[in-house]
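J.: First, the structure itself, so that you have it in front of you.
The values are calculated or read from the model by the stated rules, or taken from the named source; none is laboratory data. Since we're looking at a predicted model, the values are computed, not measured. Cβ placement follows ideal geometry from the backbone for every residue including glycine, while neighbour counts extend to all protein chains displayed.
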Amino acid sequence: MFFDPCDSVGERIATFGLYEADDLAAIRSFLTAHPPAGRIAVDVGANIGNHTLALHDLFERVISVEPNPLALHLLRANLLYNDITNVHILPIAAAETAGEHAMAVNHDGNLGASFLADDGDIVVQTARLDDVVPPLLSESERIGFMKLDIEGFELPALAGAAKLLQRDRPIVAFEAQNGALSGVVAYLRRNGYGRFLEMQYDGWTREQTFVRRVAGLLSRGPGFRLVPLREDVHAFRALVLAIAD
């Protein structure tokens, strides 16, 4: 995979082979055990393609949504290098309304931490997923999985995908910044989602050294599992899965 070795995502890929490898293992395990009816996945905030590449083999197609031109170059290179042909790139920012918006690009070692901001240094196109995704689908195709990691803008992106959520009922995976969890969960509940799971790490975290993690895997197997979401704990969540009723 092509990446910037000085970027935090690139550093983890160089060390572990994937960024957020534990989260991806949990997602793959859940999707394998509970395959969704829809065979199309949407990766919102695809960045350089880490999740797209890791999940593309589970679906007929993946729609990767990424507005950052720097990340887009690496995303396209990674798809070409790995000969992945079932991915369609949407170079837009998922939002509640269509138009243009400034984006603050992170140049301090974390390209994935770029976000929409009034005082951003570039301008990107925004669009509602309800408007741009259906034209890419055949009459019989449905969204089975949607991942969102867009630096606290998950709620506006979901608001722009209300029709897709109500029609296709995809499994939704999202990251929740501090204070944003309750709003996203409440919105999804209003749209028919009643089951929420979060990652629980059994005695270690992603921040531990490679040697300690390997030792833990050898001694007791994977150190994480999906458990019911603790909605009363208002802290950062690296991964939440939402399942429709």
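J.: Kindly list, by first and then second residue, each pair from a residue in the stretch 142-166 that is in contact (Cβ under 8 Å) with a residue 24 or more places away in the chain and under 13 Å from residue 64 (Cα atoms) to a residue that is assigned to a helix (DSSP H, G or I) and of a type in the set (Asp, Glu), limited to pairs with Cβ atoms under 8 Å and residues at least 6 apart or on different chains.
T.: Partner pairs satisfying both residue conditions: 143/168; 148/154.
J.: Name every residue in the stretch 82-98 that is over 18 Å from the mean Cα position of the chain (by Cα), surrounded by 13 or more Cβ atoms within 10 Å (Cβ to Cβ) and of a type outside the set (A, V, I, L, M, F, W, C), in order of residue number.
T.: 82
J.: State which residue pairs qualify: first residue closer than 18 Å to residue 175 by Cα and inside the stretch 48-62, second residue in a helix (DSSP H, G or I) and not polar (S, T, N, Q) in any location, beta carbons under 6 Å apart, and separation of 6 or more residues or different chains.
T.: 48/71; 48/74; 48/75; 49/75; 54/24
J.: Only one of 40, 48, 13 is over 16 Å from residue 144 (Cα atoms), crowded, with 22+ Cβ neighbours inside 10 Å and of a type outside the set (Phe, Trp, Tyr). Can you tell me which?
T.: Answer to the selection: 48.
J.: Evaluate the stretch 143-161: report whether one residue or more is of a type in the set (Phe, Trp, Tyr) and either modelled with pLDDT of 95 or more or in a helix (DSSP H, G or I) (or both).
T.: For the stretch 143-161, residues of a type in the set (Phe, Trp, Tyr) and either modelled with pLDDT of 95 or more or in a helix (DSSP H, G or I) (or both): present.
J.: For residue 242, are the conditions met, namely being assigned to a strand (DSSP E or B), surrounded by 13 or more Cβ atoms within 10 Å (Cβ to Cβ), small (Gly, Ala, Ser) and at pLDDT below 90?
T.: no
J.: Quick test of your reading of the structure: residue 179 fulfils all but one of (1) in a loop (DSSP other than H, G, I, E, B); (2) over 16 Å from residue 230 (Cα atoms). Name the failing condition by number.
T.: (2)
J.: So, residue 188, is that one hydrophobic (A, V, I, L, M, F, W, C), over 15 Å from the mean Cα position of the chain (by Cα) and either at pLDDT 95 or above or loosely packed, with under 15 Cβ neighbours inside 10 Å (or both) or not?
T.: yes
J.: Can you tell which of 133, 124, 172 is among the β-branched types (Val, Ile, Thr) and either at pLDDT below 95 or in contact with a His (Cβ under 6 Å, 6 or more places away or on another chain) (or both)?
T.: That would be 124, the only listed residue that is among the β-branched types (Val, Ile, Thr) and either at pLDDT below 95 or in contact with a His (Cβ under 6 Å, 6 or more places away or on another chain) (or both).
J.: How do the pairs read when you match residues in the stretch 67-95 that are under 18 Å from residue 105 (Cα atoms) and without any contact (Cβ under 8 Å) to a residue 40 or more places away in the chain with residues anywhere that are in a helix (DSSP H, G or I) and not hydroxyl-bearing (Ser, Thr, Tyr), using Cβ under 7 Å and keeping only pairs 6 or more apart or on different chains?
T.: Going by the 7 Å Cβ cut-off, the qualifying pairs are 91/72.
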